[in-house]
1. Rounded to whole Å and ordered largest first, report the semi-axes of the equivalent ellipsoid of chain A derived from its Cα gyration tensor (root of 5λ).
2. Within 10 Å of each candidate Cβ there may be at most 14 other Cβ atoms; applying that plus a DSSP loop requirement, which trypsin sites (Lys or Arg not before Pro) in the range B:1-56 survive?
3. Dipole magnitude of chain B about its Cα centre, charges +1 at Lys/Arg Cβ and -1 at Asp/Glu Cβ only, in debye to the nearest 20?
4. Just tell me how shielded A:39-50 is by partners: mean number of partner chain Cβ atoms within 10 Å of each residue's Cβ, no decimals.
5. To the nearest whole number, what is the average tally of beta carbon atoms from other chains within 10 Å of the beta carbons of peptide B:159-168?
6. Apply the Karplus curve 6.51 cos²θ - 1.76 cosθ + 1.60, θ = phi - 60°, to the phi angles in the range B:51-62 and return the couplings in whole Hz, x for Gly and Pro.
7. Using the Karplus equation 6.51 cos²θ - 1.76 cosθ + 1.60 (θ = phi - 60°), what ³J(HN,Hα) coupling, rounded to whole Hz, does each residue of the range B:109-116 give in order, writing x for Gly and Pro?
8. Please compute, for the alpha-carbon atoms of the range B:88-171, the extent along each of the three principal axes and give them in descending order in Å.
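Derivation of every value follows stated rules applied to the coordinates shown; laboratory data play no part. Because the structure is a prediction, the values reported are computed rather than measured. Here Cβ is always computed from backbone atoms with ideal geometry, including for glycine, and neighbour counts include all displayed protein chains.
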Amino acid sequence: MPIIVNVDVMLAKRKMSSLELAEKVGITPANLSILKTNKAKAIRFSTLEKICEILDCKPGDILDYQK
Amino acid sequence: MKILGEKSLSSKVIVGLKTIFTIISIIDVIVLGIIGKIVRHIVMKENIQNNIFDLVLFIAIIITGMIALFIIGQFIKIFKNFKNNILFCENNSKSLNVISNSCFIISTVYLLIGILIFLITSNLMEEFLYYVFAFSIMLMIIFAIAGIGIKILNEVYKKAIEYKEENDFTI
C-alpha cells in the first residue's frame with residue numbers, strides 16, 4: 001500500500017514509547033504495532049484524532065503517500 | 001439452541017456426517033466385492049455384454065462413492081472449525097472450493113453414465129435401462145446445481161473473509 005504510517009518517527013521526536021502512546025490513545029499495543037508496521041487496512045478518524053492530540057502533530061505528519 | 005461452539009448443533013452434525021461416512025465406506029467395500037464377482041464372470045466369458053455394462057455402472061458408483069467420502073471429509077473439516085468457533089478462515093473457503101469441484105466431477109461421471117446408457121438402450125430397448133438413464137441424468141443435474149451453488153456460496157464466503165480482515169486491521 002502506498003500510504004506510509006510514520007508514527008515511530010513522531011514517537012522518536014516526542015521521546016515517547018509505543019506502550020505509552022497505546023495507553024493514552026486507548027488501543028492495544030498489538031494494534032499500534034499493526035499500525036507501525038503498515039499492516040493496517042484503515043484507521044478511524046477518532047484514533048487519528050487522539051494520536052494527533054497526544055503527539056501534538058497533524059495527520060500529515062503521521063501519514064505519508066509514496067508512489 | 002447453540003449453533004456454534006462446543007456441545008452445539010455443529011458438533012451433532014459432525015457425528016451425523018461421520019455416521020454417513022461410515023455407511024458410504026461400507027457400501028463402497030460391498031460394491032468392490034460385487035466388482036470382483038463381475039470381473040470373475042467376464043474372465044469366465046459368461047454373458048459378457050451385460051457384465052461389461054454392470055462393471056462400468058459399478059465402477060462409476062465406486063468412483064462417485066469415493067468422491068462423496070472426500071466431500072463428507074471436507075464438510076467434517078468445516079464443521080470442526082465451526083465447533084471451534086473458527087468461522088471466517090481461508091481453510092473453510094478452500095474446503096468449499098474443493099467440494100464444489102468434486103460435485104462437478106460427480107456430475108460429469110453421471111453424465112458419462114447417462115451417455116453410455118443412452119447408447120446401450122438404443123440397441124437393447126430394456127425398460128430397466130431407461131430408469132437408470134433417467135436416474136443418472138437426474139443425479140447429474142442435482143450435482144451440477146449443487147456445485148454451482150457451493151461455488152457461489154464460496155465467493156460470498158471469500159468476501160466475508162475479506163471484510164473480516166478489513167475490520168480486524170482497522171485501528
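1. Semi-axes, largest first: 17, 13, 11 Å.
2. B:Lys2, B:Lys7, B:Lys45
3. In debye, rounded to 20, chain B gives about 520.
4. Other-chain Cβ atoms within 10 Å of each residue's Cβ, averaged: 2.
5. 1
6. After applying 6.51 cos²θ - 1.76 cosθ + 1.60, I find 5, 5, 4, 4, 4, 4, 4, 6, 5, 4, 4, 5 Hz.
7. 4, 5, 5, 5, 4, x, 5, 4
8. If we take the Cα atoms of the range B:88-171, the spans are 71, 13, 12 Å.
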